[in-house]
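*Asks:* Structure in structure tokens, see below.
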Amino acid sequence: MKVRNYPTALLLLCILASCQTSANAQQRKLQNNPEAPIAAYNEPKAIANKVELPDLPEFTGQVKLEKAREFPANDQVERTYAYVYQAKDDAGRITDWYRTALSMYKWDMDSSTNKAIMATNPRTGNSCSIYCDNETAAGCKLHISYTFMQKPSDKSAVNY
């Protein structure tokens, strides 16, 4: 399904709602399992070094990594990495660059505006969201989230 020209606020709201729904489902799962470890299962953890993301090109403009986090797995998601950069370019230039680069890498554009992109890699099922906010004359905050989807397991195989 191709969707174009969603307002950025609506797109961001959908991204946040999706993350919150997944976190709430994980929390309910833990609450119903008395043997579950006592931990903040759905809390992201800060990571010291950026992880390389396959098939996601590095932006060639000037950016400085400010925050890197890893989100935990669930039934569908193997893991998610989220990065926040301070960029010296404006949101339009950044999203235009990513739109072109992702097209060259053969990603499917699920949604695209002048400040936000959601795309899926049809070969792996992995997805990314890229958006900019806090825009000033000096640049903007660039947010990149990359989700590795669980690989389907062959549960139909029977070993005798």
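Throughout, read-outs are computed from the coordinates displayed, never taken from laboratory work. Just so it is clear, the model here is predicted, and its values are computed rather than measured. For neighbour counting, all protein chains shown are included, and Cβ atoms are generated from backbone atoms with ideal geometry for every residue, glycine included.
*Asks:* Within the set of other residues whose C-beta is less than 9 Å from the C-beta of Lys106, count the net charge using Lys and Arg as +1 and Asp and Glu as -1.
*Replies:* -1
*Asks:* Quick check on the exposure proxy: order Tyr81, Tyr105 from fewest to most C-beta atoms within 10 angstrom.
*Replies:* Ranking Tyr81, Tyr105 by Cβ neighbours within 10 Å, fewest first, gives Tyr105, Tyr81.
*Asks:* When Lys and Arg each count +1 and Asp and Glu each count -1, what net charge do the other residues less than 13 Å away from Lys45, Cβ to Cβ, add up to?
*Replies:* It works out to a net charge of +1.
*Asks:* Assign one of three labels to segment 74-121, namely rounded, prolate or oblate, based on the Cα gyration tensor with a ≥ b ≥ c the square roots of its eigenvalues; rounded applies when a/c is under 1.5, prolate when it is not and a/b is larger than b/c, and oblate otherwise.
*Replies:* oblate
*Asks:* What are the GluC sites (Glu not before Pro) within segment 58-134 that DSSP puts in a loop, where the Cβ has at most 16 other Cβ atoms within 10 Å?
*Replies:* Of the GluC sites (Glu not before Pro), the ones in loops of segment 58-134 whose Cβ has at most 16 other Cβ atoms within 10 Å are Glu58.
*Asks:* Among the listed pairs Lys64/Lys88; Lys45/Lys88; Lys67/Lys88; Lys67/Lys106; Lys45/Lys151, which are separated by more than 19 Å between their Cα atoms?
*Replies:* Correct reply: Lys45/Lys88; Lys67/Lys106; Lys45/Lys151.
*Asks:* While we're here: Select from segment 61-137 those trypsin sites (Lys or Arg not before Pro) which occupy a DSSP coil region and have at most 16 other Cβ atoms within 10 Å, ordered by residue number.
*Replies:* Lys88, Lys106, Arg123
*Asks:* Explain nothing, just the number: dipole magnitude of segment 40-130 about its Cα centre with +1 on each Lys and Arg Cβ and -1 on each Asp and Glu Cβ, in debye rounded to the nearest 20.
*Replies:* So the magnitude is around 220 debye.
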